Amino acid sequence: MAEPLLAIDIDVSGLARLANGFAAAAKEVELEMEAAMTESGQWLTTRAAANTPVNYGLLRGSIQWPHGFELEKGGLMDILRGIVGAGDVKSATGVSTSTYVEFVEENTRPHWAPIQPLKLWAIRKLGDERAAYAVRWHIHLFGTRGAHMFRNAWLGGGKDAVKRIWEAVPRKVIERLRRSVR
């Protein structure tokens, strides 16, 4: 075999390191996005729980951030949706907090509320079990007013806090990459 007339050797090791750096950058972005979503969820969870009305404290205690998020579509770089909600804690009446959290959050239409939870509430708050019947009748006529603890958490600073948390992600990624290069 004949020697080539011209041979060019080009050192591409720098480009290989650059390509590997992009792969590392993607991982750093993913880590910072997960951290930002967790911080956002924890911030909102704390604020929503603080806004939650308390009888026995079961609903407030059930407000949680599941340490994660759902992918809305595709991969991590599409839309992330963090979920803050109530867990499945049973009340004294056997009703799960996750089943009634929406009724506490939102206004309800007039309805016949179950009497037993109202009796427990009336004893704790008013000292008279019989008051539960008047409260039940009021709910039957007018419904209930929602506490809007999740909405108020979002509108009462949550939106701005989450925005600040996410605006810091690019800077944090760059700092992570700087540290890894050294």
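The values are calculated or read from the model by the stated rules, or taken from the named source; none is laboratory data. In this text the structure is predicted, and so the values were computed from the model without any measurement. Cβ: placed from backbone, ideal geometry, glycine included. Neighbour counts: every protein chain shown.
Assorted remarks:
- Residue in region 120-136 that is of a type in the set (F, W, Y) and either exposed (fewer than 13 other Cβ atoms within 10 Å of the Cβ) or assigned by TED's automatic domain parsing to the domain that holds Y100 (or both) present: no
- Looking only at residues in region 1-22 that are among the β-branched types (V, I, T) and within 56 Å of the chain's Cα centre (by Cα), the one that is modelled with the highest pLDDT is V12.
- Among the residues listed as V104, V169, V173, the single one being β-branched (V, I, T) and closer than 22 Å to G57 by Cα: V104
- Single unsatisfied condition, N152 versus (1) in contact with a helix residue (DSSP H, G or I) (Cβ under 9 Å, 6 or more places away or on another chain); (2) loosely packed, with under 13 Cβ neighbours inside 10 Å; (3) assigned by TED's automatic domain parsing to the domain that holds W43: (2)
- Figure legend. Inter-residue proximity from region 82-103: first residues farther than 27 Å from V162 by Cα and among the small types (G, A, S), second residues surrounded by fewer than 15 Cβ atoms within 10 Å (Cβ to Cβ) and at pLDDT below 70, beta-carbon distance below 9 Å, spacing 6+ or different chains. Indicated pairs: S96/K90.
- Restricting V101, V95, V29, V54 to residues that are among the aliphatic types (A, V, I, L, M), exposed (fewer than 13 other Cβ atoms within 10 Å of the Cβ) and either under 30 Å from A132 (Cβ atoms) or at pLDDT 80 or above (or both) narrows the list to V54.
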